[in-house]
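Read the structure below first, then the notes.
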Amino acid sequence: MIPVCRIEDLPEGESVRIEIDDATPAIAVFHTDGALYAVDDTCSHQDASLSEGWVEGCFVECPLHAALFDLRTGAPVCLPARRPVRTHEVSVVDGMIHVRPAVPEEEAVA
Amino acid sequence: MRTVTVVGASLAGLYAARALRAQGFDGRLVVIGAERHRPYDRPPLSKDFLARAPGAPAMAAGARSPSDADTLALSDADAVTLSDAEALSLSDADEDAELAAEWLLGTPAAGLDTAGRAVLLADGRRITTDGVVIATGATPRTLPGPPRAGVHTLRTLDDAVALRAELHAGARKVVVIGGGFIGAEAASTCAELGADVTIVEAAPLPLVPQLGREIAQVCARLHTGHGVRLLCGTGVKALRADGRGDGDRGDSGAPPGTTTRRAPRVTGVELADGRLLGADTVIVGIGVRPATDWLAASPLALRDGVLCDQGGVTALRQVVAAGDVARYGELRAEHWTSATEQPAVAVRNLLAGTTVARHTAPPYFWSDQYGSRIQLAGHRGPKDTVRIAEGSPEEGSLLAVYERDGEITAAFALNRPRPFTRLRRRLGAGRPAAPAAPAGAPAAAPGATP
Ligand SMILES: Cc1cc2nc3c(=O)[nH]c(=O)nc-3n(C[C@H](O)[C@H](O)[C@H](O)COP(=O)(O)OP(=O)(O)OC[C@H]3O[C@@H](n4cnc5c(N)ncnc54)[C@H](O)[C@@H]3O)c2cc1C
Ligand code: FES
């Protein structure tokens with residue numbers, strides 16, 4: 001479990017990007033619609049940070065080309081993204097938000 | 001409509017094909033493309049694609065028949081590799097199957113026979129059709145003068161492959177002609193690759209018409225801050241070649257498939273003010289012109305693009321246009337996002353037989369240079385004032401708003417995506433009121449923009 005920040009430091013509508021180590025892709029944590037979500041921060045389309053995106057309900061819109069992702073599943077809802085972003089488990093322990101980074105899936109073999 | 005033909009197999013053409021199927025068109029769908037490639041994404045061509053070392057070995061340049069080329073997802077061009085084509089591809093096999101389109105690639109359309117309701121191909125074929133979507137994009141302007149090896153434009157995958165091969169052959173002296181967005185990105189990538197880079201810009205400062213003087217200045221400093229020389233206020237008189245033929249280094253971007261005698265290799269750029277810049281590679285980024293030559297004999301109105309209403313409908317109801325080639329009302333955008341948004345609107349109107357939808361989203365553009373991201377949205381007018389609402393050039397991160405009569409007309413961001421997106425959405429919703437300037441934010445004097 002990786003500590004993110006205190007729950008009061010991530011008010012509703014806000015998002016934060018966390019870097020864990022060189023081997024783990026950065027994670028974006030969102031507080032929206034009364035819930036917390038964590039997904040890979042880098043858009044599955046090109047190079048943009050989803051934590052900088054526009055959040056509405058349980059969706060985030062990429063700030064570069066406006067692909068929309070469902071924060072609950074990581075699935076893209078519209079083009080130009082075609083691949084999902086990974087989701088990660090979030091929990092709050094004693095007022096502190098934590099994420100458990102998903103075990104990296106087997107990298108697609110080129 | 002039984003048959004719809006999309007002319008131009010790139011971003012707008014693919015989005016038009018998608019929109020046709022998404023909107024229920026189940027007739028014959030033909031897509032005609034001058035390039036041999038399936039639709040691919042252009043923005044990376046001046047960015048990561050150019051920076052990346054040529055990857056997998058070139059596919060064997062085997063002899064393939066033209067009909068084979070029609071069905072191949074990628075071509076057997078000199079050095080376009082499987083990984084290149086995959087990395088840039090705008091669609092995948094599943095989607096291609098779903099679209100069920102006939103792709104006629106590698107042959108440009110040569111005309112529109114409106115009386116006979118047909119699109120004419122350069123190879124003599126004739127595609128009878130009920131509706132046409134024009135999505136032929138734009139073609140780079142070139143400099144007058146004899147051809148020179150080592151001189152590149154940057155629009156197509158083949159252009160980028162040829163330029164990339166030269167750049168990765170070793171650190172070189174690169175002269176970029178034109179300081180617009182393509183020139184700026186190419187210069188940035190060349191500098192990243194260790195080349196000695198000079199940009200030659202005819203205007204006193206690049207991008208002033210797009211950004212206004214103050215913000216153009218911010219962008220100009222990105223070049224100089226990264227060791228790229230920016231020579232402004234001087235045109236190019238000639239591209240010099242010392243007379244030697246080009247050895248085996250790259251080519252001048254001659255159309256693939258044609259055998260050309262090697263043009264003499266460029267050795268320098270002679271400026272209008274008499275200076276001579278040595279050059280191994282020259283990149284010409286002096287703008288594009290809409291690809292409308294093939295429509296010259298058609299009854300369509302052409303003026304810096306195909307004239308359309310706000311819904312992409314031309315003077316002929318069964319012909320619509322989208323993307324870089326299309327002038328919607330007064331505006332012709334050369335932006336990726338417009339080329340993805342306009343087709344759905346144009347197709348809807350084509351299928352309805354009249355203008356029932358309009359494209360109203362504000363223009364939006366991004367550019368990546370020297371590790372910084374620039375974003376611009378809205379309709380900046382030449383008399384708009386600009387003020388920096390957040391951040392500063394010194395921080396390398398800022399949000400600037402353009403205003404007219406107390407209303408925001410456009411927004412510019414340098415490495416500031418979050419507030420930019422907020423503003424961009426408000427621009428889309430129409431008539432945003434100006435946010436109060438935060439304390440200490442420098443305000444540009446009215447008239448600071450040209
Ligand atoms: C290097 C580069 C970097 C870019 N970077 C950015 C960026 O960072 N941000 C951004 O917003 N935009 C960027 N753009 C612009 C963006 O790529 C274009 O706006 C977009 O490609 C326009 O799409 P289009 O389909 O209208 O035209 P195009 O992509 O130009 O496609 C038109 C197609 O039609 C074909 N064609 C032409 N004539 C004929 C004919 N007679 N018959 C059949 N086919 C024909 C052409 O061969 C071409 O394949 C960049 C462009 C380039 C070249
Ligand atoms: S980078 Fe996210 S949509 Fe393109």
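The values are calculated or read from the model by the stated rules, or taken from the named source; none is laboratory data. Predicted model, so just to flag it, every value in this text is computed and none were measured. Glycine gets a Cβ as well: all are built from the backbone with ideal geometry, and neighbour counts include every protein chain shown.
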Kindly evaluate B:E334 against the criterion of being without any contact (Cβ under 8 Å) to a residue 24 or more places away in the chain and not β-branched (V, I, T).
no
Is it the case that B:R348 is away from ligand 2 (no atom under 16 Å from the Cβ), modelled with pLDDT of 95 or more and over 23 Å from the mean Cα position of the chain (by Cα)?
yes
Run down A:R100, A:R82 and say which single residue is modelled with pLDDT under 95 and of a type outside the set (A, V, I, L, M).
A:R82
From A:A38, A:A26, A:A48, grab the single residue that is within 14 Å of chain B (Cβ to nearest Cβ) and in contact (Cβ under 8 Å) with a residue 12 or more places away in the chain.
A:A48
For the stretch B:309-384, which fully contained strands (runs of 3 or more DSSP E) count at least 2 residues that are within 17 Å of B:G8 (Cβ to Cβ)?
B:319-321, B:326-328
Residue, nearest to B:D158 (Cα to Cα), within the stretch B:46-104, restricted to residues that are more than 14 Å from chain A (Cβ to nearest Cβ) and at pLDDT 90 or above
B:L50
Expected single match for more than 12 Å from chain A (Cβ to nearest Cβ), more than 30 Å from B:L316 (Cα to Cα), modelled with pLDDT of 95 or more and surrounded by fewer than 17 Cβ atoms within 10 Å (Cβ to Cβ) among B:R358, B:R404, B:R431 is B:R404
Looking at the structure I just gave you, is B:A191 in a helix (DSSP H, G or I), in contact (Cβ under 8 Å) with a residue 12 or more places away in the chain and under 30 Å from B:D384 (Cα atoms)?
no
Given (1) within 8 Å of ligand 1 (Cβ to nearest atom); (2) of a type outside the set (S, T, N, Q); (3) in a helix (DSSP H, G or I), identify the lone condition not met by B:E35.
(3)
Checking B:I286 against (1) under 16 Å from B:L143 (Cβ atoms); (2) modelled with pLDDT under 95, only one condition comes out false. Which one?
(2)
Hits in the stretch A:60-81 (condition: surrounded by fewer than 19 Cβ atoms within 10 Å (Cβ to Cβ) and more than 10 Å from ligand 2 (Cβ to nearest atom))
A:D70, A:R72, A:T73, A:A75, A:V77
Can you tell me which residue among B:E341, B:E330 is under 23 Å from B:D41 (Cα atoms) and either within 16 Å of ligand 2 (Cβ to nearest atom) or away from chain A (no Cβ under 14 Å) (or both)?
B:E341
Among residues of the stretch B:333-345 being under 16 Å from the mean Cα position of the chain (by Cα) and not acidic (D, E), the residue surrounded by the fewest Cβ atoms within 10 Å (Cβ to Cβ) is B:H335
Can you confirm whether the stretch A:40-53 contains a residue that is closer than 16 Å to A:A102 by Cα, of a type in the set (A, V, I, L, M, F, W, C), surrounded by 14 or more Cβ atoms within 10 Å (Cβ to Cβ) and within 14 Å of ligand 2 (Cβ to nearest atom)?
no
Can you name the condition, by its number, that A:V16 falls short on among (1) surrounded by fewer than 19 Cβ atoms within 10 Å (Cβ to Cβ); (2) more than 14 Å from chain B (Cβ to nearest Cβ); (3) farther than 30 Å from B:F49 by Cβ?
(2)
Return a yes/no flag: does the stretch B:307-318 have any residue that is among the hydroxyl-bearing types (S, T, Y) and within 13 Å of ligand 1 (Cβ to nearest atom).
no
